[in-house]
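Notes follow once the structure below has been shown.
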Amino acid sequence: MTATPRADAQAPAGAPAEPSVDRTADRTAQIVSPDPDERTRDRVLSAVLERGPVSAAELGDGLGFTPAAMRRHLDALSQDGLIEVKRSRASATGAGRPARRYVLSQRGQAKMGNDYLDIATAALAQLGAAAGPSAIKEFARTRFSGMEERYRPIVEAAGPDLEARARALAAALTTDGFVGSTKTVGLPQGRGARSVPRARPVMLSVQLCQGHCPIQGLASAFPAFCEQETGVFARLLGVDVRRLSTLAAGGHVCTTHIPLGRTTAVPPPGTPDASGPAALPDDPAAAAPGTPATLSIHQQGRP
């Protein structure tokens with residue numbers, strides 16, 4: 001009967017000694033050790049959180065990755081829904097090809113955790129308890145004063161046209177991760193003129209929208225942040241503006257109403273009463289172009 005060799009039998013004389021390896025432990029370590037790519041993508045995700053909105057080139061330079069490696073990791077994070085691409089113009093005029101910049105998605109924010117929000121909220125609550133609500137308002141004012149200082153030359157470069165200034169402001173907000181956009185609303189001059197018996201004033205406005213708010217959690221707890229931001233918009237644009245909705249209050253987007261004043265819809269020649277008597281000066285429907293518009297209850301955000 002042939003004896004079965006023992007696992008701990010010594011190797012024949014002269015044979016090289018085989019190193020002692022715990023193969024079970026080695027296999028376990030391979031299973032539980034994080035994937036190198038996963039660890040790298042956590043680094044990329046942290047960099048996007050700290051620097052976003054940030055371009056792939058800026059991330060690659062900061063992390064020491066080649067452009068190809070950087071694109072591969074960003075594509076993987078995008079497919080996992082952890083980051084989003086925000087396109088922004090290189091200048092306030094909108095010239096040039098939109099740049100691809102990356103920010104964390106809501107899912108990415110959840111993955112990274114919101115400990116900072118709890119800490120900041122607790123700190124501001126303690127500040128308010130110690131120094132009163134005015135201290136929180138002053139804190140918010142100081143935070144947004146930097147935004148106003150940075151945005152002013154951008155908005156001023158757009159010239160005196162209010163719509164152009166609003167677009168410049170939206171572009172600056174997008175660069176800072178607020179995802180800004182504008183839309184002109186109202187009845188342009190001449191549209192629907194055949195349905196009116198005589199000239200009448202109509203109101204035009206721009207709606208400035210922000211699809212993302214980096215401080216939404218703080219603004220939900222402390223409305224002074226939204227109030228101070230609205231004040232910055234009014235001063236930059238030089239007109240009184242009104243907030244219609246905010247993400248902090250549960251809206252799908254932050255919307256700011258920017259009045260452009262009144263214009264006049266004039267019926268074309270031949271329309272009955274087109275040459276009729278002018279409205280009396282005290283007729284509220286005959287306000288001169290440029291007269292500040294009276295906002296409806298809906299436009300003021302009131303119930």
Counting only residues that are within 19 Å of the chain's Cα centre (by Cα), buried (at least 17 other Cβ atoms within 10 Å of the Cβ) and in a loop (DSSP other than H, G, I, E, B), segment 235-262 contains a total of 3
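Take Thr230 and tell me if it is outside any helix (DSSP H, G or I), within 26 Å of Glu149 (Cβ to Cβ) and at pLDDT 90 or above.
The answer is no for Thr230.
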Would you point out the residue of segment 171-189, among those that are assigned to a loop (DSSP other than H, G, I, E, B) and open to solvent by less than 30 Å² (accessible area, probe 1.4 Å), that is modelled with the lowest pLDDT? Gly177
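Looking only at segment 54-81, how many residues end up being within 10 Å of Tyr102 (Cα to Cα) and either open to solvent by 80 Å² or more (accessible area, probe 1.4 Å) or in contact with a helix residue (DSSP H, G or I) (Cβ under 7 Å, 6 or more places away or on another chain) (or both)?
Of the residues in that region, 4 qualify.
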Just checking, does segment 25-42 include any residue being on the phi > 0 side of the Ramachandran plot, at pLDDT below 85 and in a loop (DSSP other than H, G, I, E, B)? no
So Asp75, is it closer than 24 Å to Phe178 by Cα and in a helix (DSSP H, G or I): yes
Given the condition surrounded by 13 or more Cβ atoms within 10 Å (Cβ to Cβ), at pLDDT below 80, in a helix (DSSP H, G or I) and out of contact with any His (no Cβ under 6 Å at 6 or more places or on another chain), answer yes or no: does some residue in segment 279-292 qualify? yes
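The values are calculated or read from the model by the stated rules, or taken from the named source; none is laboratory data. What you see is a predicted model; the values in this text were computed from it and never measured. Ideal geometry is used to build each Cβ from the backbone, glycine not excepted, and the neighbour counts take in all protein chains shown. Quick note on the areas: whole protein, heavy atoms, side chains included, nothing else; ligands and nucleic acids left out. Shrake-Rupley method; radii C 1.70, N 1.55, O 1.52, S 1.80 Å.
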